[in-house]
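Below you'll find the structure, written out as structure tokens, and then a few comments.
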Amino acid sequence: MAPPRHVLGISAYYHDAAAALVRDGVVVAAAQEERFTRKKNDPDFPIQAVQFCLRHAGLKPEDLDAIAFYDKPGLKFVRLLETYLAVAPGGWRTFPSVLSTWLGEKLDLRKTIREEMPELRADCPILFTAHHQSHAASAFYPSPFSEAAILTIDGVGEWATTTIARGSGASIEMLKELRFPHSLGLLYSAFTDYCGFRINSGEYKLMGLAPYGEPKYVNAIFDNLLDLKADGSFWLDMDYFNFLQGTTMTNPRFHDLFGGPPRLPEEPITPRHMDVARSIQAVTEEIMLRLARHTKALTGQKNLCLAGGVALNCVANGRILREKIFDRMWIQPAAGDAGGALGAALAVWHEGGGAAVKTNLDAMQGSLLGPAYSDDEIEAVLKERQAVYKKLPRQELLDFTVGLLKSEKVVGWFQGRMEFGPRALGSRSILGDPRSPRMQSIMNLKVKFRESFRPFAPIVRQERAADYFELDAESPYMLLVAPVQAHLRKTPAEGVTGLDMLKQVRSTLPAVTHVDYSARIQTVSGQDNPLLYDLLGCFEAATGCGVLVNTSFNVRGEPIVCTPDDAYRCFVNTEMDYLILGSYVIERTAQPKAVSRRVAPQAD
Ligand SMILES: [Fe+2]
């Protein structure tokens, strides 16, 4: 039987719904629904993302040969049911509402999908891949490796929370799994929640807070919360957690262990929270290192592929890289559940008899898999908005942008296809000069409307990365953290503590250097993003510095911009100095008064 030529992958109904299209085993398009609906982490059926994928591929729903859904709703339902029964009567409080949701759209997903996409052919199969099978497929098939070990770590899918697998050509063999409730993702989320950050999106903040603290609670965590084995497997002591009951993550016993109740989101961050963050980060790194070593021993592979939400912990990824457990590592950029849509589609292609499509290249294409807009489309938006703009040819645009960046201007940069996954990688980005000691504050206050305790991320040409950072691998998806090179570091004045430490100059690249001298690096290749690559080259030619600041093009609480109109509206609602939209330059002070004088509102 011929493999299904066009497979549409879908993830939905939990967090960050997405769609991805695979044609003949090649990833053609992928996007998260939040970018279209403008609802951050939108979990609803990703109908607009589906429509984009089909449009991009020149297909109609009736052209699809298979639909791949990223987990098995039946198994997940059994897990929920068993969990609630196991903790009864505590669990019964939320049970009726959960039950009604599951008995509705989730459990009868085939019917739901056909209702959402009535044009699907009756003989188009709707297939379900296991949650971690989707993560594993998303990690292995697009990787540059024809053979590799695969490690997936997340909160929970159906039952599995961590899996070890081996990928070879067109097949993936699942070898081992850890099961719910023993979950590194849920453990990290419990601490995320305890420290006052939002579960499923605030984990990054907890990781960013960790360098401020001391690992004072590491022993408390190991002695009380979990029993960690040498192979990285562990048991959580559920006497400290509340997530089985489905109401909160932690309970008073947990709070006593860490010296107080959970921090409310707007409460100040104290040294205790920093110490807790540092401690759980250290524990997470230890677990991930043990898992990586066990994966190596079990598979004997030289290469490691990572996915699952915990693979977004770029500090831990950097540790695995530096320990040299594997020769090479590749991390799926959409490591969370959005990437499950892509993995499901790839799994269905390969399991349906599709051949491995391996070229020794990263098949994610820089993760630039979303919509792009032509100059004509962009100009139509600018006219509609009555914006004042000018158009520049490529080299002039680059030179002009370099001039802006050099003079500490904050520049919105909207080019080419939108990124798939949580990070902006230079298509929907805001750029700045990392040498400026003020840039961190300027960008936060002008655009993000917050004081952040995290530095911004640097972008650097791949071949120049080692000049600035202790990194000898590619990091195209900003998923590896490495130290700033020692010769670039500066010693700050003593006596400054807490969040003020970030304001101190710690290197010649202060805007991207964390308080522990680390940076989360994106390396840029000329192949995946030629314009950004050339911009970095022009900036270096003009300044001697081959690094720029890259932060996502959005304001706090909103998804990254998708369309030129989203970008223009975001520009208007912030105090960004310039917007480069395709070939067009839009200067704030040249705009109609209502725009140029606008005082940005507080977001969130
Ligand atoms: Fe997941």
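The values are calculated or read from the model by the stated rules, or taken from the named source; none is laboratory data. Keep in mind it's a predicted model, so treat the numbers as computed, not measured. Cβ: placed from backbone, ideal geometry, glycine included. Neighbour counts: every protein chain shown. The protein model used for the area step is the full one, side chains on, heavy atoms only, and it has no ligands, DNA or RNA in it. Shrake-Rupley method; radii C 1.70, N 1.55, O 1.52, S 1.80 Å.
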(request) Go through (1) farther than 15 Å from G370 by Cβ; (2) modelled with pLDDT under 95; (3) open to solvent by less than 40 Å² (accessible area, probe 1.4 Å) one by one and return the number of the condition D16 breaks. (result) (1)
(request) Only residues that are within 11 Å of the ligand (Cβ to nearest atom), closer than 20 Å to P476 by Cβ and part of a helix (DSSP H, G or I): list them for the stretch 330-348, please. (result) A338, G339, G343
(message) Given the condition within 16 Å of the ligand (Cβ to nearest atom) and open to solvent by 30 Å² or more (accessible area, probe 1.4 Å), answer yes or no: does some residue in the stretch 41-48 qualify?
(response) yes
(message) Return the residues of the stretch 420-448 that are touching a residue at least 60 places away in the same chain (Cβ under 8 Å) and basic (K, R); say none if nothing qualifies.
(response) R423, R428, R435, K446, K448
(request) Go through the stretch 210-224 and give me each residue that's within 30 Å of A519 (Cα to Cα) and either touching an Asp or Glu at 6+ places or on another chain (Cβ under 7 Å) or aromatic (F, W, Y) (or both). (result) P211, Y212, G213, E214, K216, Y217, F222
(message) One residue is enough: does the stretch 170-188 have a residue meeting the conditions in contact (Cβ under 8 Å) with a residue 60 or more places away in the chain, more than 16 Å from the ligand (Cβ to nearest atom) and open to solvent by less than 10 Å² (accessible area, probe 1.4 Å)?
(response) no
(request) Return yes when A493 is among the small types (G, A, S) and closer than 28 Å to Q415 by Cα and no when it is not. (result) no
(request) Mind counting the residues in the stretch 250-277 that are part of a loop (DSSP other than H, G, I, E, B) and either open to solvent by 60 Å² or more (accessible area, probe 1.4 Å) or closer than 13 Å to L225 by Cα (or both)? (result) 8
(message) Let me spell it out: the conditions are (1) within 16 Å of the ligand (Cβ to nearest atom); (2) open to solvent by 10 Å² or more (accessible area, probe 1.4 Å); (3) farther than 18 Å from F145 by Cβ, and E351 meets all of them except one. Which number is the exception?
(response) (1)
(request) Determine whether the stretch 52-70 contains at least one residue that is crowded, with 17+ Cβ neighbours inside 10 Å, among the hydroxyl-bearing types (S, T, Y) and away from the ligand (no atom under 16 Å from the Cβ). (result) no
(message) Give me the residue from the stretch 293-316 that is more than 28 Å from L257 (Cβ to Cβ) and open to solvent by less than 10 Å² (accessible area, probe 1.4 Å) and, out of that set, nearest to the ligand (Cβ to nearest atom).
(response) A307
(request) Within the stretch 211-231, work out how many residues are out of contact with any Ser or Thr (no Cβ under 8 Å at 6 or more places or on another chain) and closer than 25 Å to R293 by Cβ. (result) 11
(request) Could you give me the residue pairs with C-beta distances under 8 Å whose first residue belongs to the stretch 349-372 and is assigned to a loop (DSSP other than H, G, I, E, B), whose second residue is surrounded by fewer than 17 Cβ atoms within 10 Å (Cβ to Cβ) and of a type in the set (G, A, S) wherever it lies, and which are 6+ apart or on separate chains? (result) G353/A2; A356/S146; A356/G169; V357/A363; K358/S146; K358/G169; N360/S146
